[in-house]
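For reference, the structure is listed below as structure tokens.
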Amino acid sequence: MVRDDIKIIFILGGPGAGKGTQCARLVARFPQLAHFSAGDLLRAERNNPASSVGDLINTFIRDGKIVPSHITIGLLKTAIEGSPASVFLIDGFPRNIEQGQIFEEQIKPCSLVIHLSADEAVCTDRILGRAAESGRVDDNLESLRKRFVTHREECLPVVGYYADAGKVAEVCHQPHETRLALPCREREREREQRRARR
Ligand code: AMP
């Protein structure tokens, strides 16, 4: 059973946006946080010789597609249940709106969504730069193109969905600038106030 007192923070962003890097920094600064990456949990399951879904996961990852929700949510649930932490950074999840809805029904509604955005060109350079070291089956140009398409078509609408609920904080990364923007609703309120003042 998942405890009632936990808080969930989703970390979203395209391939190479820096989800893992930023989560690691947050955990170093706030050790009470627990960090689970949906991608890492899926890769660990794929690498488990006893898993019945390892080959299936590998095919989805190589093709940059979203692994069926029940697999990812099952892995996240097991990880959360096994942790004594109270605040969880869940990175790379949800990848589509339905996935978020199932998670929130079965586990817990999220308190906050942090969206990391970065230019695809910057992300491509980062991923191809790390490819030799990462050894990932999807850190190559062909898989990356598919991952960007999936991100634009399926993952970005998730940000809009949670922005409508006033839960999104945007972190916009430009090559020489990182800024933390206000959650969308607050920003919209500020814009309205400025319009009213004109
Ligand atoms: P990432 O480690 O976030 O770059 O994700 C690598 C790949 O793992 C993605 O391209 C998907 O194939 C798969 N994946 C990661 N997160 C999810 C998720 N929440 N749901 C389904 N598939 C996922």
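The values are calculated or read from the model by the stated rules, or taken from the named source; none is laboratory data. From a predicted model like this one, the values you see are computed outputs, not experimental measurements. Using ideal geometry, Cβ is built from the backbone for each residue, glycine included, and neighbour counts are taken over all protein chains shown.
The table for this structure:
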| read-out | value |
| --- | --- |
| Single unsatisfied condition, D119 versus (1) surrounded by 14 or more Cβ atoms within 10 Å (Cβ to Cβ); (2) acidic (D, E); (3) within 14 Å of the ligand (Cβ to nearest atom) | (3) |
| Members of the range 36-66 that are within 11 Å of the ligand (Cβ to nearest atom), acidic (D, E) and part of a helix (DSSP H, G or I) | D40, E45 |
| I102 vs. criteria among the hydrophobic types (A, V, I, L, M, F, W, C), within 15 Å of the ligand (Cβ to nearest atom) and within 26 Å of V122 (Cα to Cα) | no |
| Residue, nearest to the ligand (Cβ to nearest atom), within the range 1-35, restricted to residues that are of a type in the set (K, R) and within 23 Å of G135 (Cα to Cα) | K19 |
| Extreme residue, nearest to G18 (Cα to Cα), among residues of the range 138-172 that are part of a strand (DSSP E or B) and free of Cβ contacts under 8 Å to residues at least 60 places away in the same chain | C172 |
| Unmet criterion (only one of (1) touching a Leu at 6+ places or on another chain (Cβ under 9 Å); (2) within 30 Å of A121 (Cβ to Cβ); (3) more than 11 Å from the ligand (Cβ to nearest atom); (4) β-branched (V, I, T)) for I107 | (2) |
| Subset of the range 67-96 (residues that are more than 9 Å from the ligand (Cβ to nearest atom) and in a helix (DSSP H, G or I)) | H70, G74, L75, K77, T78, A79, I80, E81 |
| Residue within the range 121-137 that is touching a residue at least 60 places away in the same chain (Cβ under 8 Å), assigned to a helix (DSSP H, G or I) and touching a helix residue (DSSP H, G or I) at 6+ places or on another chain (Cβ under 7 Å) present | yes |
| The listed residue being in contact with a helix residue (DSSP H, G or I) (Cβ under 9 Å, 6 or more places away or on another chain) and either modelled with pLDDT of 95 or more or of a type in the set (S, T, Y) (or both), out of S69, S86 | S69 |
